[in-house]
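Step one of this worksheet: look at the structure below.
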Amino acid sequence: MLAKVCSAAVQGIEAYPIEVEVNVGWGETNIAIVGLPDAAVKESRDRVSTAMTNSAFHFPMGRTTINLAPADVRKEGPSFDLPIAIGWLAASEQMKSALLDNYVLVGELALTGAVRPVKGVLPIALRAKQDGRKGVIVPRDNAPEAAVVAGLDVIPIQNLREAVGFLEGEVAIAPLQVDLAKLFNYAGDDDVDMADVRGQESVKRALEIAAAGSHNLLLIGPPGTGKSMLAKRIPTILPPLTLDEALETTKIHSIVGLLAAGQALVTQRPFRSPHHTASDAGLLGGGINPTPGEISLAHHGVLFLDELPEFKRTVLETMRQPLEDGKVTISRAAGTMTFPSQFMLVAAMNPTPDGKMPGESKSSPREIGNYLGRISGPLLDRIDLHVEVPQVKFREMQAAKPGESSATVRERVITARRIQQARFTGKKVTCNARMGSRELKEFCVLDEAATELLRHAMTEMGLSARAHDRILKVSRTIADLAACASITAEHLGEAIQYRTLDRQLWG
(Lines give C-alpha, C1' and ligand atoms only; values in the text may rest on other atoms or scores of the structure.)
Protein backbone atom coordinates (compact mmCIF):
# COMPACT_ATOMS: atom_id res chain seq x y z
CA MET A 1 0.00 0.00 0.00
CA LEU A 2 1.12 3.57 -0.73
CA ALA A 3 0.96 6.50 1.72
CA LYS A 4 1.95 10.15 1.31
CA VAL A 5 2.98 12.55 4.08
CA CYS A 6 3.79 16.25 3.80
CA SER A 7 7.12 17.47 5.16
CA ALA A 8 9.60 20.25 4.37
CA ALA A 9 13.31 21.03 4.23
CA VAL A 10 15.35 24.21 4.42
CA GLN A 11 17.59 25.60 1.69
CA GLY A 12 19.32 28.88 2.51
CA ILE A 13 16.89 30.58 4.89
CA GLU A 14 13.75 29.47 3.06
CA ALA A 15 11.86 26.17 3.30
CA TYR A 16 10.52 24.13 0.41
CA PRO A 17 7.92 21.32 0.53
CA ILE A 18 8.97 17.67 0.57
CA GLU A 19 6.52 14.85 -0.14
CA VAL A 20 7.39 11.62 1.68
CA GLU A 21 6.03 8.65 -0.25
CA VAL A 22 6.12 5.23 1.44
CA ASN A 23 5.17 2.02 -0.33
CA VAL A 24 5.04 -1.33 1.46
CA GLY A 25 4.81 -4.31 -0.91
CA TRP A 26 5.45 -8.01 -1.19
CA GLY A 27 8.82 -9.62 -1.53
CA GLU A 28 11.99 -10.06 0.46
CA THR A 29 12.19 -7.70 3.44
CA ASN A 30 14.22 -4.69 2.33
CA ILE A 31 14.14 -0.93 2.97
CA ALA A 32 15.19 1.53 0.26
CA ILE A 33 15.30 5.30 0.73
CA VAL A 34 15.55 7.26 -2.53
CA GLY A 35 15.45 10.94 -3.47
CA LEU A 36 19.07 12.08 -2.90
CA PRO A 37 19.24 11.36 0.87
CA ASP A 38 22.41 12.14 2.82
CA ALA A 39 23.90 9.80 5.43
CA ALA A 40 21.67 11.12 8.23
CA VAL A 41 18.54 10.48 6.14
CA LYS A 42 19.69 6.99 5.14
CA GLU A 43 20.27 6.13 8.78
CA SER A 44 16.66 7.06 9.54
CA ARG A 45 15.50 3.58 8.48
CA ASP A 46 17.23 2.11 11.54
CA ARG A 47 16.03 4.85 13.89
CA VAL A 48 12.47 4.72 12.56
CA SER A 49 12.12 0.93 12.55
CA THR A 50 13.43 0.68 16.13
CA ALA A 51 11.23 3.59 17.30
CA MET A 52 8.17 1.91 15.75
CA THR A 53 8.90 -1.37 17.53
CA ASN A 54 9.50 0.36 20.87
CA SER A 55 6.25 2.30 20.44
CA ALA A 56 4.25 -0.97 20.26
CA PHE A 57 3.87 -1.03 16.46
CA HIS A 58 5.03 -4.00 14.42
CA PHE A 59 7.78 -3.83 11.85
CA PRO A 60 6.29 -4.28 8.33
CA MET A 61 7.68 -7.22 6.42
CA GLY A 62 8.26 -7.09 2.65
CA ARG A 63 9.92 -4.55 0.41
CA THR A 64 9.52 -0.94 1.57
CA THR A 65 10.40 1.97 -0.71
CA ILE A 66 10.60 5.47 0.76
CA ASN A 67 10.81 8.33 -1.77
CA LEU A 68 11.57 11.93 -0.83
CA ALA A 69 10.28 14.14 -3.62
CA PRO A 70 11.43 16.18 -5.46
CA ALA A 71 14.17 13.68 -6.21
CA ASP A 72 16.66 16.17 -7.68
CA VAL A 73 17.21 18.13 -4.43
CA ARG A 74 19.55 16.76 -1.77
CA LYS A 75 17.85 15.94 1.57
CA GLU A 76 19.83 16.43 4.76
CA GLY A 77 19.36 15.93 8.49
CA PRO A 78 17.15 13.81 10.74
CA SER A 79 13.99 15.93 10.44
CA PHE A 80 12.34 13.38 8.09
CA ASP A 81 12.21 10.64 10.78
CA LEU A 82 8.70 11.53 11.95
CA PRO A 83 7.04 11.83 8.50
CA ILE A 84 8.76 8.60 7.37
CA ALA A 85 7.43 6.78 10.45
CA ILE A 86 3.89 8.09 9.96
CA GLY A 87 3.98 7.21 6.26
CA TRP A 88 5.34 3.76 7.07
CA LEU A 89 2.55 3.11 9.58
CA ALA A 90 -0.10 4.37 7.16
CA ALA A 91 1.28 2.30 4.26
CA SER A 92 1.32 -0.85 6.41
CA GLU A 93 -2.29 -0.12 7.51
CA GLN A 94 -1.39 0.27 11.19
CA MET A 95 -3.08 3.66 11.23
CA LYS A 96 -5.76 5.43 9.23
CA SER A 97 -6.11 9.19 9.03
CA ALA A 98 -7.70 11.71 6.72
CA LEU A 99 -5.55 14.51 8.16
CA LEU A 100 -2.22 13.70 6.49
CA ASP A 101 -2.78 16.27 3.73
CA ASN A 102 -3.60 19.01 6.26
CA TYR A 103 -0.37 18.99 8.27
CA VAL A 104 3.35 19.31 7.65
CA LEU A 105 5.38 16.95 9.83
CA VAL A 106 9.01 17.28 10.97
CA GLY A 107 10.96 15.74 13.83
CA GLU A 108 13.80 13.43 14.76
CA LEU A 109 12.97 10.11 16.43
CA ALA A 110 14.83 8.61 19.35
CA LEU A 111 15.00 4.81 19.56
CA THR A 112 12.40 4.97 22.33
CA GLY A 113 9.91 6.69 20.03
CA ALA A 114 10.41 10.11 21.64
CA VAL A 115 10.48 13.09 19.25
CA ARG A 116 13.55 15.31 19.40
CA PRO A 117 13.81 18.95 18.22
CA VAL A 118 15.24 19.82 14.80
CA LYS A 119 16.60 22.93 13.10
CA GLY A 120 14.72 25.33 10.82
CA VAL A 121 11.17 24.89 12.15
CA LEU A 122 10.22 28.58 11.80
CA PRO A 123 10.87 28.79 8.02
CA ILE A 124 9.07 25.45 7.65
CA ALA A 125 6.04 26.83 9.50
CA LEU A 126 6.05 29.96 7.31
CA ARG A 127 6.15 27.78 4.20
CA ALA A 128 3.32 25.58 5.49
CA LYS A 129 1.12 28.66 5.88
CA GLN A 130 2.13 29.90 2.44
CA ASP A 131 1.13 26.53 0.93
CA GLY A 132 -2.27 26.67 2.61
CA ARG A 133 -1.74 23.86 5.13
CA LYS A 134 -3.90 23.79 8.23
CA GLY A 135 -0.97 23.34 10.57
CA VAL A 136 2.32 21.68 11.48
CA ILE A 137 3.11 18.76 13.78
CA VAL A 138 6.46 19.43 15.40
CA PRO A 139 8.52 18.41 18.47
CA ARG A 140 7.36 20.06 21.68
CA ASP A 141 10.62 22.02 22.08
CA ASN A 142 10.21 23.50 18.57
CA ALA A 143 6.54 24.39 18.94
CA PRO A 144 6.97 27.93 20.37
CA GLU A 145 9.00 29.16 17.38
CA ALA A 146 6.42 27.75 14.95
CA ALA A 147 3.56 29.24 16.98
CA VAL A 148 4.64 32.82 16.18
CA VAL A 149 3.21 32.27 12.68
CA ALA A 150 -0.36 33.58 12.87
CA GLY A 151 -3.17 31.53 11.36
CA LEU A 152 -1.40 28.17 11.65
CA ASP A 153 -2.25 25.31 14.03
CA VAL A 154 0.94 24.20 15.77
CA ILE A 155 0.61 20.75 17.32
CA PRO A 156 3.39 19.96 19.84
CA ILE A 157 4.11 16.26 20.32
CA GLN A 158 6.43 14.32 22.59
CA ASN A 159 6.53 10.89 20.96
CA LEU A 160 5.46 8.84 17.95
CA ARG A 161 2.52 7.28 19.74
CA GLU A 162 1.11 10.72 20.52
CA ALA A 163 1.44 11.83 16.88
CA VAL A 164 -0.45 8.75 15.68
CA GLY A 165 -3.15 9.27 18.28
CA PHE A 166 -3.67 12.87 17.22
CA LEU A 167 -3.87 12.05 13.52
CA GLU A 168 -6.38 9.26 14.19
CA GLY A 169 -8.48 11.54 16.37
CA GLU A 170 -7.94 9.52 19.55
CA VAL A 171 -5.76 12.11 21.32
CA ALA A 172 -6.86 15.75 21.58
CA ILE A 173 -3.94 18.20 21.44
CA ALA A 174 -4.74 21.91 21.53
CA PRO A 175 -2.69 24.06 19.13
CA LEU A 176 0.02 26.00 20.95
CA GLN A 177 -0.32 29.77 21.12
CA VAL A 178 2.25 32.35 22.18
CA ASP A 179 1.85 35.90 23.45
CA LEU A 180 3.98 38.05 21.14
CA ALA A 181 3.53 41.17 23.26
CA LYS A 182 4.90 39.31 26.29
CA LEU A 183 7.90 38.10 24.29
CA PHE A 184 8.82 41.65 23.23
CA ASN A 185 8.39 43.00 26.75
CA TYR A 186 11.39 40.99 27.94
CA ALA A 187 13.87 43.57 29.26
CA GLY A 188 17.06 41.66 28.45
CA ASP A 189 20.34 41.89 30.35
CA ASP A 190 20.16 44.63 33.01
CA ASP A 191 23.80 44.15 33.99
CA VAL A 192 25.06 46.03 30.93
CA ASP A 193 24.38 49.77 30.74
CA MET A 194 26.03 52.86 29.29
CA ALA A 195 25.96 54.42 32.74
CA ASP A 196 28.74 52.01 33.72
CA VAL A 197 31.19 53.78 31.40
CA ARG A 198 33.13 56.59 33.09
CA GLY A 199 34.22 59.48 30.90
CA GLN A 200 34.60 58.96 27.13
CA GLU A 201 31.80 61.45 26.39
CA SER A 202 32.98 62.07 22.82
CA VAL A 203 33.05 58.32 22.14
CA LYS A 204 29.56 57.90 23.61
CA ARG A 205 28.36 60.62 21.25
CA ALA A 206 29.80 58.70 18.30
CA LEU A 207 28.09 55.51 19.51
CA GLU A 208 24.77 57.34 19.70
CA ILE A 209 25.15 58.62 16.13
CA ALA A 210 26.12 55.15 14.91
CA ALA A 211 23.10 53.56 16.61
CA ALA A 212 20.71 56.24 15.34
CA GLY A 213 21.62 55.66 11.69
CA SER A 214 22.98 52.08 11.86
CA HIS A 215 26.41 53.32 10.79
CA ASN A 216 29.59 51.25 10.88
CA LEU A 217 32.05 52.28 13.58
CA LEU A 218 35.79 51.89 14.20
CA LEU A 219 37.19 52.45 17.71
CA ILE A 220 40.95 53.13 17.88
CA GLY A 221 42.84 53.48 21.13
CA PRO A 222 45.40 51.96 23.50
CA PRO A 223 44.58 48.80 25.50
CA GLY A 224 42.45 49.34 28.60
CA THR A 225 40.57 52.42 27.40
CA GLY A 226 37.20 50.64 27.28
CA LYS A 227 36.79 49.87 23.57
CA SER A 228 35.27 46.43 24.14
CA MET A 229 33.22 47.70 27.09
CA LEU A 230 31.69 50.42 24.93
CA ALA A 231 31.03 48.08 22.02
CA LYS A 232 29.20 45.56 24.19
CA ARG A 233 26.81 48.29 25.32
CA ILE A 234 25.77 49.34 21.82
CA PRO A 235 22.84 46.84 21.69
CA THR A 236 21.39 48.52 24.79
CA ILE A 237 20.91 51.80 22.90
CA LEU A 238 19.64 50.32 19.63
CA PRO A 239 15.89 50.50 18.90
CA PRO A 240 13.87 47.33 19.60
CA LEU A 241 13.34 44.79 16.85
CA THR A 242 10.11 44.98 14.87
CA LEU A 243 8.12 41.76 14.39
CA ASP A 244 9.30 41.40 10.79
CA GLU A 245 12.92 41.92 11.85
CA ALA A 246 12.52 39.44 14.71
CA LEU A 247 11.05 36.80 12.37
CA GLU A 248 13.87 37.21 9.85
CA THR A 249 16.53 37.08 12.57
CA THR A 250 14.91 34.06 14.23
CA LYS A 251 14.83 32.18 10.92
CA ILE A 252 18.61 32.47 10.63
CA HIS A 253 19.22 31.41 14.22
CA SER A 254 16.75 28.53 13.86
CA ILE A 255 18.54 27.19 10.78
CA VAL A 256 21.90 27.22 12.56
CA GLY A 257 20.36 25.65 15.68
CA LEU A 258 21.07 28.53 18.07
CA LEU A 259 17.56 28.79 19.52
CA ALA A 260 17.25 27.46 23.05
CA ALA A 261 14.70 24.72 23.74
CA GLY A 262 11.29 26.34 23.92
CA GLN A 263 12.48 29.73 22.63
CA ALA A 264 9.91 31.31 20.34
CA LEU A 265 11.63 34.41 18.96
CA VAL A 266 14.88 36.33 18.99
CA THR A 267 13.54 39.57 20.46
CA GLN A 268 16.87 41.24 21.32
CA ARG A 269 19.19 42.53 18.62
CA PRO A 270 22.03 40.04 18.06
CA PHE A 271 25.56 40.85 19.19
CA ARG A 272 28.13 38.59 17.54
CA SER A 273 31.81 38.74 18.44
CA PRO A 274 33.83 36.15 16.50
CA HIS A 275 37.45 35.46 17.45
CA HIS A 276 40.14 36.86 15.17
CA THR A 277 41.05 33.31 14.10
CA ALA A 278 37.69 32.97 12.31
CA SER A 279 37.87 31.72 8.72
CA ASP A 280 36.11 33.30 5.76
CA ALA A 281 33.57 30.44 5.83
CA GLY A 282 32.96 31.06 9.54
CA LEU A 283 32.40 34.76 8.91
CA LEU A 284 30.43 34.63 5.65
CA GLY A 285 28.98 31.14 5.85
CA GLY A 286 29.70 28.10 3.74
CA GLY A 287 30.01 24.34 3.67
CA ILE A 288 28.86 21.73 1.18
CA ASN A 289 25.30 22.80 1.92
CA PRO A 290 25.99 26.46 2.83
CA THR A 291 24.80 27.66 6.22
CA PRO A 292 24.82 31.25 7.54
CA GLY A 293 28.02 32.68 9.01
CA GLU A 294 28.65 35.31 11.65
CA ILE A 295 27.68 38.26 9.47
CA SER A 296 24.25 36.73 8.86
CA LEU A 297 23.84 35.76 12.51
CA ALA A 298 24.41 39.47 13.24
CA HIS A 299 21.57 40.44 10.85
CA HIS A 300 19.62 43.41 12.33
CA GLY A 301 22.22 43.56 15.10
CA VAL A 302 25.91 44.20 15.77
CA LEU A 303 28.99 42.40 14.47
CA PHE A 304 31.90 43.26 16.78
CA LEU A 305 35.42 42.56 15.51
CA ASP A 306 37.90 43.11 18.33
CA GLU A 307 41.60 43.45 17.46
CA LEU A 308 40.69 44.13 13.84
CA PRO A 309 44.26 43.92 12.39
CA GLU A 310 44.64 40.42 13.87
CA PHE A 311 42.01 39.06 11.48
CA LYS A 312 43.38 37.62 8.26
CA ARG A 313 43.27 40.24 5.54
CA THR A 314 41.57 37.82 3.12
CA VAL A 315 38.81 37.29 5.71
CA LEU A 316 38.27 41.02 6.17
CA GLU A 317 38.17 41.63 2.43
CA THR A 318 35.30 39.17 2.03
CA MET A 319 33.10 41.56 4.05
CA ARG A 320 33.38 44.43 1.60
CA GLN A 321 30.49 43.39 -0.64
CA PRO A 322 28.10 42.35 2.18
CA LEU A 323 28.72 45.73 3.84
CA GLU A 324 27.52 47.44 0.65
CA ASP A 325 24.67 45.13 -0.36
CA GLY A 326 23.31 43.96 2.99
CA LYS A 327 23.44 40.35 1.82
CA VAL A 328 26.00 37.64 1.15
CA THR A 329 25.85 35.29 -1.82
CA ILE A 330 27.62 31.93 -1.64
CA SER A 331 28.11 30.03 -4.87
CA ARG A 332 28.71 26.30 -4.98
CA ALA A 333 28.56 23.69 -7.73
CA ALA A 334 25.16 22.58 -6.42
CA GLY A 335 23.74 26.11 -6.60
CA THR A 336 23.79 29.63 -5.20
CA MET A 337 22.39 30.73 -1.84
CA THR A 338 21.85 34.24 -0.52
CA PHE A 339 21.75 35.09 3.19
CA PRO A 340 20.73 38.52 4.58
CA SER A 341 23.47 40.47 6.36
CA GLN A 342 22.24 43.94 7.25
CA PHE A 343 24.43 44.31 10.29
CA MET A 344 26.13 47.21 12.03
CA LEU A 345 29.90 46.67 11.98
CA VAL A 346 31.73 47.77 15.12
CA ALA A 347 35.50 47.21 15.09
CA ALA A 348 38.17 47.95 17.67
CA MET A 349 41.93 48.10 17.32
CA ASN A 350 45.16 49.45 18.79
CA PRO A 351 46.83 52.31 16.88
CA THR A 352 50.22 50.52 16.80
CA PRO A 353 51.54 46.99 17.45
CA ASP A 354 52.53 47.84 21.04
CA GLY A 355 49.22 49.62 21.70
CA LYS A 356 50.56 53.18 22.06
CA MET A 357 49.72 56.15 19.87
CA PRO A 358 52.18 56.65 16.97
CA GLY A 359 54.07 59.51 18.66
CA GLU A 360 54.63 57.42 21.81
CA SER A 361 55.16 54.01 20.26
CA LYS A 362 58.50 52.22 20.37
CA SER A 363 57.60 50.33 17.18
CA SER A 364 59.44 51.33 14.04
CA PRO A 365 57.58 53.18 11.26
CA ARG A 366 57.84 50.05 9.14
CA GLU A 367 56.30 47.88 11.87
CA ILE A 368 53.51 50.40 12.33
CA GLY A 369 52.96 50.56 8.57
CA ASN A 370 52.78 46.77 8.28
CA TYR A 371 50.35 46.61 11.22
CA LEU A 372 47.99 49.24 9.82
CA GLY A 373 48.40 47.84 6.31
CA ARG A 374 46.48 44.72 7.29
CA ILE A 375 43.33 46.83 6.91
CA SER A 376 42.75 47.92 3.33
CA GLY A 377 41.65 51.38 2.23
CA PRO A 378 38.42 50.11 0.61
CA LEU A 379 37.39 48.45 3.89
CA LEU A 380 38.15 51.63 5.86
CA ASP A 381 36.07 53.60 3.37
CA ARG A 382 33.07 51.43 4.25
CA ILE A 383 33.32 52.36 7.95
CA ASP A 384 31.43 55.59 8.53
CA LEU A 385 32.85 56.76 11.86
CA HIS A 386 36.51 56.49 12.93
CA VAL A 387 36.76 57.38 16.62
CA GLU A 388 39.73 57.71 18.95
CA VAL A 389 39.24 56.20 22.42
CA PRO A 390 41.74 57.98 24.72
CA GLN A 391 42.91 56.98 28.16
CA VAL A 392 40.37 57.84 30.86
CA LYS A 393 41.52 60.51 33.30
CA PHE A 394 41.74 59.66 37.01
CA ARG A 395 39.15 62.22 38.07
CA GLU A 396 36.67 60.77 35.56
CA MET A 397 37.28 57.27 36.91
CA GLN A 398 36.56 58.48 40.45
CA ALA A 399 33.51 60.58 39.55
CA ALA A 400 30.55 59.78 41.81
CA LYS A 401 27.95 60.87 39.30
CA PRO A 402 27.20 58.15 36.73
CA GLY A 403 26.84 58.93 33.05
CA GLU A 404 23.66 58.80 31.03
CA SER A 405 21.83 55.48 31.16
CA SER A 406 21.25 53.34 28.09
CA ALA A 407 17.50 53.96 28.40
CA THR A 408 17.99 57.73 28.07
CA VAL A 409 20.25 57.43 25.03
CA ARG A 410 17.97 54.82 23.50
CA GLU A 411 14.99 57.18 23.60
CA ARG A 412 16.89 59.71 21.47
CA VAL A 413 17.96 56.96 19.09
CA ILE A 414 14.37 55.71 18.73
CA THR A 415 13.15 59.26 18.04
CA ALA A 416 15.76 59.66 15.28
CA ARG A 417 14.80 56.28 13.79
CA ARG A 418 11.12 57.30 13.72
CA ILE A 419 12.07 60.37 11.71
CA GLN A 420 13.90 58.10 9.25
CA GLN A 421 10.96 55.68 9.02
CA ALA A 422 8.64 58.55 8.15
CA ARG A 423 11.15 59.87 5.60
CA PHE A 424 11.56 56.52 3.84
CA THR A 425 7.88 55.53 3.80
CA GLY A 426 7.20 53.48 0.67
CA LYS A 427 10.89 52.83 0.05
CA LYS A 428 13.02 49.76 0.75
CA VAL A 429 15.43 51.89 2.79
CA THR A 430 15.04 51.48 6.57
CA CYS A 431 17.75 53.79 7.97
CA ASN A 432 20.19 56.49 6.88
CA ALA A 433 23.12 54.09 6.48
CA ARG A 434 21.15 52.19 3.80
CA MET A 435 20.44 55.21 1.61
CA GLY A 436 21.31 54.88 -2.07
CA SER A 437 22.34 57.59 -4.51
CA ARG A 438 18.71 58.59 -5.19
CA GLU A 439 17.94 59.04 -1.51
CA LEU A 440 21.15 61.02 -1.00
CA LYS A 441 20.13 63.49 -3.71
CA GLU A 442 16.62 63.78 -2.30
CA PHE A 443 17.25 63.93 1.45
CA CYS A 444 20.81 65.24 1.82
CA VAL A 445 20.59 68.60 0.07
CA LEU A 446 23.25 71.05 1.32
CA ASP A 447 23.15 74.83 1.47
CA GLU A 448 25.98 76.95 0.05
CA ALA A 449 28.02 77.06 3.27
CA ALA A 450 27.79 73.29 3.84
CA THR A 451 28.63 72.58 0.19
CA GLU A 452 31.77 74.70 0.40
CA LEU A 453 32.80 72.99 3.64
CA LEU A 454 32.41 69.53 2.06
CA ARG A 455 34.33 70.62 -1.05
CA HIS A 456 37.17 71.87 1.09
CA ALA A 457 37.25 68.63 3.12
CA MET A 458 37.27 66.48 0.00
CA THR A 459 40.17 68.47 -1.46
CA GLU A 460 42.29 68.72 1.68
CA MET A 461 41.76 65.17 2.95
CA GLY A 462 41.74 63.39 -0.40
CA LEU A 463 38.48 61.61 0.35
CA SER A 464 36.96 59.10 -2.05
CA ALA A 465 33.49 59.27 -3.57
CA ARG A 466 32.36 56.56 -1.16
CA ALA A 467 33.64 58.60 1.80
CA HIS A 468 31.76 61.62 0.40
CA ASP A 469 28.49 59.67 0.44
CA ARG A 470 29.08 58.27 3.91
CA ILE A 471 29.79 61.75 5.31
CA LEU A 472 26.43 62.86 3.94
CA LYS A 473 24.68 59.88 5.54
CA VAL A 474 26.26 60.55 8.94
CA SER A 475 25.44 64.27 8.74
CA ARG A 476 21.83 63.34 7.94
CA THR A 477 21.74 61.22 11.12
CA ILE A 478 23.26 64.03 13.19
CA ALA A 479 20.58 66.38 11.88
CA ASP A 480 17.89 63.81 12.76
CA LEU A 481 19.19 63.58 16.34
CA ALA A 482 18.90 67.38 16.51
CA ALA A 483 15.40 67.18 14.95
CA CYS A 484 16.51 69.41 12.06
CA ALA A 485 14.85 69.03 8.68
CA SER A 486 17.93 70.26 6.80
CA ILE A 487 21.64 69.53 7.10
CA THR A 488 23.64 72.52 8.31
CA ALA A 489 27.37 73.20 8.17
CA GLU A 490 27.53 72.32 11.88
CA HIS A 491 26.09 68.83 11.27
CA LEU A 492 28.38 68.31 8.30
CA GLY A 493 31.44 69.49 10.24
CA GLU A 494 30.84 66.90 12.95
CA ALA A 495 30.45 64.18 10.34
CA ILE A 496 33.71 65.20 8.64
CA GLN A 497 35.47 65.07 12.00
CA TYR A 498 34.78 61.33 12.13
CA ARG A 499 36.79 60.86 8.92
CA THR A 500 40.01 62.56 10.07
CA LEU A 501 41.49 59.87 12.34
CA ASP A 502 42.15 57.39 9.55
CA ARG A 503 43.94 60.12 7.57
CA GLN A 504 46.23 60.78 10.53
CA LEU A 505 47.11 57.11 11.00
CA TRP A 506 47.00 55.69 7.49
CA GLY A 507 47.96 58.88 5.65
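Screening segment 338-449 for helices (runs of 4 or more DSSP H) wholly inside it with 1 or more residues that are in contact with a helix residue (DSSP H, G or I) (Cβ under 6 Å, 6 or more places away or on another chain), open to solvent by less than 80 Å² (accessible area, probe 1.4 Å) and closer than 19 Å to residue 226 by Cβ returns the ranges 406-423. If the condition is being touching a residue at least 24 places away in the same chain (Cβ under 8 Å), open to solvent by 50 Å² or more (accessible area, probe 1.4 Å) and either over 17 Å from residue 279 (Cα atoms) or touching a Leu at 6+ places or on another chain (Cβ under 9 Å) (or both), then segment 314-328 contributes 320, 324.
Based on this model, can you work out whether residue 327 counts as farther than 23 Å from residue 355 by Cβ and of a type in the set (D, E, K, R)? Yes: the conditions hold for residue 327. Of all the listed residues (82, 111, 89), the sole one being in a loop (DSSP other than H, G, I, E, B) and either open to solvent by 20 Å² or more (accessible area, probe 1.4 Å) or more than 19 Å from residue 288 (Cβ to Cβ) (or both) is 111.
For first residues located in segment 190-217 and assigned to a helix (DSSP H, G or I) and of a type in the set (Asp, Glu), partners that are open to solvent by less than 20 Å² (accessible area, probe 1.4 Å) and at pLDDT 85 or above and lie 6+ apart or on another chain with Cβ distances below 7 Å form the pairs 208/237; 208/409; 208/413.
It is to be established whether one or more residues within segment 270-288 are crowded, with 22+ Cβ neighbours inside 10 Å, out of contact with any strand residue (DSSP E or B) (no Cβ under 6 Å at 6 or more places or on another chain) and within 26 Å of residue 416 (Cα to Cα). Taking every residue of segment 270-288 in turn, none turns out to be crowded, with 22+ Cβ neighbours inside 10 Å, out of contact with any strand residue (DSSP E or B) (no Cβ under 6 Å at 6 or more places or on another chain) and within 26 Å of residue 416 (Cα to Cα). Considering only residues in segment 259-286 that are among the small types (Gly, Ala, Ser) and touching a helix residue (DSSP H, G or I) at 6+ places or on another chain (Cβ under 7 Å), the one that is nearest to residue 248 (Cα to Cα) turns out to be 264. Of all residues in segment 261-273, those that are closer than 16 Å to residue 342 by Cβ have Cβ atoms under 9 Å from Cβ atoms of residues that are among the charged types (D, E, K, R) and open to solvent by 20 Å² or more (accessible area, probe 1.4 Å), 6 or more apart or on another chain, in 269/245; 271/232; 272/294. Based on what the data block shows, is residue 129 in contact with a Gly (Cβ under 7 Å, 6 or more places away or on another chain), surrounded by fewer than 20 Cβ atoms within 10 Å (Cβ to Cβ), farther than 16 Å from residue 55 by Cα and free of Cβ contacts under 8 Å to residues at least 24 places away in the same chain? Answer is yes for this residue.
The values are calculated or read from the model by the stated rules, or taken from the named source; none is laboratory data. Treat the numbers as computed from the prediction; the structure is a model and nothing was measured. Here Cβ is always computed from backbone atoms with ideal geometry, including for glycine, and neighbour counts include all displayed protein chains. Side chains included, ligands, DNA and RNA excluded: accessible areas come from the protein's heavy atoms. Shrake-Rupley method; radii C 1.70, N 1.55, O 1.52, S 1.80 Å.
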